[in-house]
Structure formats: C-alpha cells, structure tokens
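Here, each number is a calculation from the coordinates, and none is a lab measurement. This structure is a prediction, so every number in the text was calculated from the model and none was measured. Using ideal geometry, Cβ is built from the backbone for each residue, glycine included, and neighbour counts are taken over all protein chains shown.
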There are 2 protein chains.
Amino acid sequence: MIDFFEIIGLLAACITTASFLPQVFKTYKTKDTSGLSLTMYVAFFIGIVLWLIYGIHLNSLPMILANAITAMLSLFLIIMKLKHK
Amino acid sequence: MIDFFEIIGLLAACITTASFLPQVFKTYKTKDTSGLSLTMYVAFFIGIVLWLIYGIHLNSLPMILANAITAMLSLFLIIMKLKHK
C-alpha cells in the first residue's frame, strides 16, 4: 500500500514536473530558443541527473519519476537550443 | 559521517537551487515581473512545499535544504509579481 507521504511526494512530482511543461510546449511550437540560457539549462540538467541518482539511492518512486521526466524535458530544451541557435 | 549519496544529493541541491537565482536577481533588480506567470509560480510553490514535507518525512537534508530555500525564493517572486503587476 502506498502511504500518505508517498502520495504527498507523487503530488509534488506531478506539480513541479507539470510546471516545466509550458516552456517545453512553447519551445516545441515556436522553435524560438533565443530567451533560453544554455548554461543554465545544462547546469539544471546536471543537477536533475544528480537528484535522480540520489532518488534511486533513496528508493523513492516520486523522486525517480519526477527527475527522470524532468531530465528528459530539459535535455530536449538543450537539444532545441543547440539546433536552433 | 556524510556518505557518498548524501554528497550527491547536496550537490544536486546546490545546483538546482542556484539555477533559480538568476531569475530572482533579475526580478529584484528590474522589478519587471511582466514575463512571469503568477499561476505557474503559485503551482510551483505548492509543489515545492509538498517536496519539502516529503523531504522532512524522508529525513533527507539535501531535500529539506533545497526545497526550503526554493520555496522562499519562489514565494519572493510571487510577492514581487503581486506588488508590481
């Protein structure tokens, strides 16, 4: 059975991951990456991968889910930035 | 003694929290909040507070530190948005 705090964690995962989506959709639609900082997204991506490793170590499903998805989304933005600069 | 994975977690905490700072500095300096989405920051703030609760439950220092600081920074951006809209 999933306990109360796992639900809190999953809710947190959904909300913070979802808050990243508008940027992804906007960049995908417009291909405009002029406002994106490559340095910031590369740093952010590295940070998220470290959170993912830490989440795997803690065996935390919310952390693994949220950071795996956010890592992929930020990698997508980095690729878009490199392709359309 | 702090183990290897706690260091990974603390590094993750530093990097993702730091990647939030340029927005905070820019908003503080320019007071220009026209490009900020209030809905998104309020949702993000709620998500971060839930991560903080989850991190306290897991007794994870990196999660508590990162999310406490990020919650304060995003609350600051929300207050700036409400003050300067």
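The number of Lys pairs in the protein assembly as shown with C-alpha atoms less than 20 Å apart, excluding pairs fewer than 8 positions apart on the same chain, is 18.
The modelled label-to-label distance for the pair A:Lys29/B:Leu21, using points 7 Å beyond Cα in the direction of Cβ, is 3.4 nm. Semi-axes of the equivalent ellipsoid for chain A, computed as √(5λ) from the eigenvalues of its C-alpha gyration tensor and ordered from largest down, come to 28, 14, 8 Å. Where does chain B land at 222 nm, in deg cm²/dmol rounded to the nearest 500, when only DSSP H runs of n ≥ 4 count, each adding -39500 (n - 2.57), divided by all residues? Helix contribution divided over all residues of chain B: -27500 deg cm²/dmol.
Could you work out the mean count of beta carbons from other protein chains within 10 Å of each residue's beta carbon in B:2-11?
On the way: counts 0, 1, 1, 7, 2, 2, 7, 8, 2, 6.
Per residue, the average neighbour count from other chains is 4.
Summary of the geometry: the range B:57-73 and the range A:32-85, compared by the centres of their Cα atoms, lie 19 Å apart.
Scalar couplings 3J(HN,Hα) for the range A:4-9, obtained by applying the Karplus form with A = 6.51, B = -1.76, C = 1.60 to θ = phi - 60°, are 3, 6, 5, 5, 4, x Hz; x denotes Gly and Pro.
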